[in-house]
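Structure first, then comments.
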Amino acid sequence: MSETAVLVDAGVSGPRRRLLTGNGRPMWSAAVLLAAALVVTPVAAVVIDGLGSLNSGSLPQDIGPMIVTTVLLMGGVGLSTLLIGGGLAWLVTAHDFPLRNLLSWALVLPLAMPAYILGFVFLSTFDVGGPVQGMLRTVLGPGAWLPDVRTLAGAVVVMSLTLYPYVYLLARSALVEQSATTYDAARTLGAGRSRALWRVVVPMARPSLAAALALVMMETLTDFATVQYFNVQTVSVGVYLVWKGSFDFHAATQLSVLVLVFAVAVLAGERLLRGRSRFHQKAGRGEGLKSRRLTGWRGWAAALACLSVLGAGFILPVAQLAGWAVGEAAGGSEPLLDPRFVEYLVNSVTVASLAALVCAALALTIGHAQRLGGGPLVAVAAQATTFGYAVPGAVIGIGVLIAFARVDEWLELAGVPGGTGLLVTGSVAGILCAYVVRFIAPAHQAVDASFAKISPALTFSALSLGSTPRRLLTRVHLPLARRGAAVALVLVAIDAVKELPIVLLLRPFGFTTISVWVYELARENFWEKAALPALGIVAVAVIPVYFLFRRSAGLKAGAVTHDQ
Amino acid sequence: MPRPKLLAACTAIMVPALALSGCGVLGIGKAPADLQIYTARHYDLEGAFGQFTEETGISVEFITGDDAELLERLKAEGSDTPADVFMTVDAGNLWNAARQDVLAPTSSAALDEAVPEDLRDPEGQWYGLAMRARTLTYNPDNVDPAEFDAEESYAGLADPKWNGRLCMRDATSSYTQSLVASLIDLHGRDRALEIVEGWMANNVDIMSNDVLLLEAIDAGACDVGINNHYYLARTLEENPDLSVDLYWASQEGAGTHVNISGAGIVADSDNAAQAQQLIEWLATTGQNAFVDANHEFPVNPAAEPEPVIAEFGEFERMPLNAEAYGDLNAEAIDVLAEAGYK
């Protein structure tokens, strides 16, 4: 395969572009519209339900400060995840240092830590009653001033530590997919290392960075658990306050429209960040940048940088959980593990795998259909599929409930006895449906970032050579976007394993997942009992990460050997 | 090729998982229990329900969730709902469920006798079954309980002598909200705002968790907090050396603030008779089975509290006004926001 990566600006490819974006293929375009409808329906159901009964609608008093806090939190988390995730991705893909192969996949693991667990672990360790401040007070005396951890900054730290893997994963696959020749060309032409990085590598990774950033910000926007621990009142907290505190679901939905406005801003920002510049690599998949060996203290400093992030976001909390679990095992008379643990585990894995497969398949379909054209409607529809991620899980769950209830009513009106019956909460259909609505965004972002690097020329050539759209998908697009698809599977699977509000709301009788079980214990503050199942979530999430990276570790190992 | 490998791996995980869960996932092939319960109360329900089934032969299954979400689920499911009983925490939630017409009015002489009048709905849409008190906790090394205001203990924490010594729960907590709602009910909005502002003026340290709060008091990071009594009972059980004592608030005044968990029969239940039988059992024979594991107080005066909380001594409670808790909760949030309490 030719190694020449050529930067093609799709914006100026004139007639070819028109051909590609013109009429599209009706079936594929319809698939995108259908996916968009699926995502929009539950959200619309909630909004219509809310607007249908416009009442006094008590907005929370300090909505102004809430908006400011939301902006600050999103900005802070966005910036720090970009620095941590992007920086680490650059470090592990372009350098070789001790423990790199291990670290390069371990750095994804904090993603497996549900934020509500990390928040509690963090506070129980660093807050006024915890061991760290206790020790400091013993050393410095009881009156000594100690920093308050329950602040916006504390929330930014904890959320960045769980969310940076989004940026890391997408940036890393962008760098691995990036052909080394561009960077080498820049270097040969006299650019220094940092100049080549900033002028060539970063701009080419920009679509991936923007996509990841959008995910991080939407996740930050809908978080309720972590911000609550840190007394940070975001707009989402406002929604919950109105809903649960004022017993006014309709007013809450009106307020959640405001959350959607933030989401639109995020997605618009992402488009802006990606800009008009589209960098395609003519040669398709690259072999990645050649690793530069960091020797001596530099190598260890690099390892230490990775380890410190990993330590704070994963190793320490896992150790704390393990400590609690051991304490529970030593002191508890009850059996350590619920006898139904295996059942919960199987439930989690099943639903997460199904959701991951469906989301990845849909994301590939959308990316493929967009390539086939279809015009602005398809483009808007494709973008609309990502909205679900910006809507709190509980709202989506209720949207699915309401939507199914309407269908049920219509069916009964049409004379179908019993309507849909109890389809939505009597089986896992509702959960799956809501998962797809919510998690199609990470799948789409991952796959789309891969598609963005495939030159339209490839699509065009295949089509002009008489390839059918289906063959084009399986022989051209799928192989080229396979890394994106794999990342999509992993992201959705992990997200789905730790997901809580949707499964809590929609599960049928007798259906419990690990995340529900952990939450039930954690909610009642049985942290010692919750520790072991929480570790179970982490363990399950490690599996897809392992599969994703065993593969790419092989690839990278090859590159390193080649380098030597 | 790596891709088929990944797919193979996915399949390898999926197939046994699907086979194992099979019908469980699809929700078929299993006969439903006689009674199905939606509950936002989680504490050790298996024990109580198991005992009920043993005594009556009526099988029970339940699903746990959050209050507001379960209520929306009930409403959306409408007449298709499998639920017979809705069980939730906080009088405001019970009041709200009754207001949304998802609960059936019930008349039961047994329940009227077992549950004090202020702990049940006048139309019998719900009945309180377990009671928790939210009262003052303190570190005996740093506080002499005589320092508390015995008449208005909650308001008394606004006194400047507590400056820098207070820890309380956050404003998003329903515990905080219903306490402030009861203060509004008791003293009016202006006085309640004054009290909360007084706490704020004392630089109250606001925490997101009752257990962390107790640990902070134990560690001496603050001297006084407001806690649900059962968190202290539970923590004491684990660590008898805990340096935290309980003070029954407002004993010479309106009494200590309490809240309840309770249950009602779902309006669309197809098994209302047995549902009523369960609620009656929980309020009488089953009181201790239902409340003891979580160290809560029985609502039925005929039942004795379990030993750990009996140690806290007897106390006068503030009469519970569910309508006020529900109706004033939004105002409580307003008051908290106005005072800058987060």
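For this structure, a couple of remarks:
- In the stretch B:306-328, the residue that is surrounded by the fewest Cβ atoms within 10 Å (Cβ to Cβ) out of those that are in a helix (DSSP H, G or I) and of a type outside the set (D, E, K, R) is B:307.
- Extreme residue, farthest from residue B:255 (Cα to Cα), among residues of the stretch B:184-214 that are without any contact (Cβ under 8 Å) to a residue 40 or more places away in the chain and over 21 Å from the mean Cα position of the chain (by Cα): B:205
- Any hit, the stretch B:266-279, residues being surrounded by fewer than 21 Cβ atoms within 10 Å (Cβ to Cβ) and within 21 Å of the chain's Cα centre (by Cα): no
- Filter result for residue A:135 (part of a helix (DSSP H, G or I) and surrounded by fewer than 17 Cβ atoms within 10 Å (Cβ to Cβ)): yes
- Condition met for residue A:117 (within 14 Å of chain B (Cβ to nearest Cβ), in a helix (DSSP H, G or I), in contact (Cβ under 8 Å) with a residue 12 or more places away in the chain and crowded, with 18+ Cβ neighbours inside 10 Å): yes
- Number of residues in the stretch A:225-240 that are aromatic (Phe, Trp, Tyr) and either more than 9 Å from every other protein chain (Cβ to nearest Cβ) or in a helix (DSSP H, G or I) (or both) equals 2.
- Candidates in the stretch A:249-278 are the residues that are over 20 Å from residue A:67 (Cβ atoms) and within 14 Å of chain B (Cβ to nearest Cβ); of these, the one that is surrounded by the most Cβ atoms within 10 Å (Cβ to Cβ) is A:249.
- Residue A:92 meets the stated requirement of being crowded, with 22+ Cβ neighbours inside 10 Å and in a helix (DSSP H, G or I).
- Here residue B:85 clears all of (1) under 20 Å from the mean Cα position of the chain (by Cα); (2) of a type in the set (Val, Ile, Thr); (3) closer than 24 Å to residue B:333 by Cβ except the condition numbered (3).
- Subset of the stretch A:442-465 [buried (at least 18 other Cβ atoms within 10 Å of the Cβ), assigned to a loop (DSSP other than H, G, I, E, B) and of a type outside the set (D, E, K, R)]: A:455
Each row is one residue, and each column tells you yes or no for (1) modelled with pLDDT under 95; (2) part of a helix (DSSP H, G or I); (3) assigned by TED's automatic domain parsing to the domain that holds residue B:191; (4) closer than 28 Å to residue B:37 by Cβ.
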| position | (1), (2), (3), (4) |
| --- | --- |
| B:273 | no, yes, no, yes |
| B:277 | no, yes, no, yes |
| B:280 | no, yes, no, yes |
| B:288 | no, yes, no, yes |
| B:301 | no, no, no, yes |
| B:304 | no, no, no, yes |
| B:330 | yes, yes, yes, no |
| B:334 | yes, yes, yes, no |
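- Restricting the stretch A:127-144 to residues that are facing chain B (nearest Cβ under 8 Å) and over 9 Å from residue B:219 (Cβ atoms), the residue that is modelled with the lowest pLDDT: A:142
- Hey, residue B:241 surrounded by fewer than 21 Cβ atoms within 10 Å (Cβ to Cβ), assigned to a helix (DSSP H, G or I) and more than 14 Å from chain A (Cβ to nearest Cβ) or not: no
- Condition check for residue B:139: within 14 Å of chain A (Cβ to nearest Cβ), touching an Asp or Glu at 6+ places or on another chain (Cβ under 7 Å) and modelled with pLDDT under 95: no
- Some residue of the stretch B:117-126 being over 30 Å from residue B:213 (Cβ atoms), crowded, with 24+ Cβ neighbours inside 10 Å, at pLDDT 95 or above and among the aliphatic types (A, V, I, L, M): no
- Test: residue in the stretch A:377-389 that is aliphatic (A, V, I, L, M), under 18 Å from the mean Cα position of the chain (by Cα) and either modelled with pLDDT under 90 or buried (at least 24 other Cβ atoms within 10 Å of the Cβ) (or both): yes
- Residues of the stretch B:26-76 satisfying the condition of being at the interface with chain A (Cβ under 10 Å from one of its Cβ atoms), farther than 28 Å from residue A:403 by Cβ, touching a residue at least 24 places away in the same chain (Cβ under 8 Å) and not charged (D, E, K, R): B:33, B:43
- Of all residues in the stretch B:137-155, those that are within 22 Å of residue B:197 (Cβ to Cβ) have Cβ atoms under 7 Å from Cβ atoms of residues that are surrounded by fewer than 13 Cβ atoms within 10 Å (Cβ to Cβ), 6 or more apart or on another chain, in B:151/B:252.
- Qualifying residue in the stretch A:181-197 (condition: more than 11 Å from chain B (Cβ to nearest Cβ), within 22 Å of the chain's Cα centre (by Cα) and not polar (S, T, N, Q)): no
- Restricting the stretch B:77-105 to residues that are at the interface with chain A (Cβ under 9 Å from one of its Cβ atoms) and crowded, with 24+ Cβ neighbours inside 10 Å, the residue that is farthest from residue B:268 (Cα to Cα): B:92
- Total residues in the stretch B:218-227 satisfying the condition of being crowded, with 22+ Cβ neighbours inside 10 Å and either at pLDDT 95 or above or more than 10 Å from chain A (Cβ to nearest Cβ) (or both): the figure is 4.
- Criterion violated by residue A:128 - all others in (1) farther than 23 Å from residue A:85 by Cβ; (2) among the hydrophobic types (A, V, I, L, M, F, W, C); (3) assigned to a helix (DSSP H, G or I) satisfied: (3)
- Leading residue by the ranking (farthest from the other protein chains (Cβ to nearest Cβ)) among those in the stretch A:145-159 that are outside any helix (DSSP H, G or I) and either of a type in the set (Asp, Glu) or buried (at least 18 other Cβ atoms within 10 Å of the Cβ) (or both): A:149
- Here residue B:206 passes the criteria (1) within 14 Å of another protein chain (Cβ to nearest Cβ); (2) in a strand (DSSP E or B); (3) at pLDDT 95 or above except the one numbered (3).
- Yes/no for residue A:162 being modelled with pLDDT of 80 or more, among the polar types (S, T, N, Q), in a helix (DSSP H, G or I) and surrounded by 23 or more Cβ atoms within 10 Å (Cβ to Cβ): yes
- Odd one out for residue B:213 among (1) at the interface with another protein chain (Cβ under 10 Å from one of its Cβ atoms); (2) in contact with a strand residue (DSSP E or B) (Cβ under 8 Å, 6 or more places away or on another chain); (3) farther than 25 Å from residue A:236 by Cβ: (3)
- Scanning the stretch A:169-176 turns up one or more residues that are outside any loop (DSSP other than H, G, I, E, B), within 14 Å of chain B (Cβ to nearest Cβ) and crowded, with 19+ Cβ neighbours inside 10 Å.
The values are calculated or read from the model by the stated rules, or taken from the named source; none is laboratory data. The shown structure was predicted, so the numbers you read here are calculated from the model rather than taken from an experiment. A quick note on method: Cβ atoms are made from the backbone with ideal geometry, for glycine too, and the neighbour counts reach across all protein chains shown.
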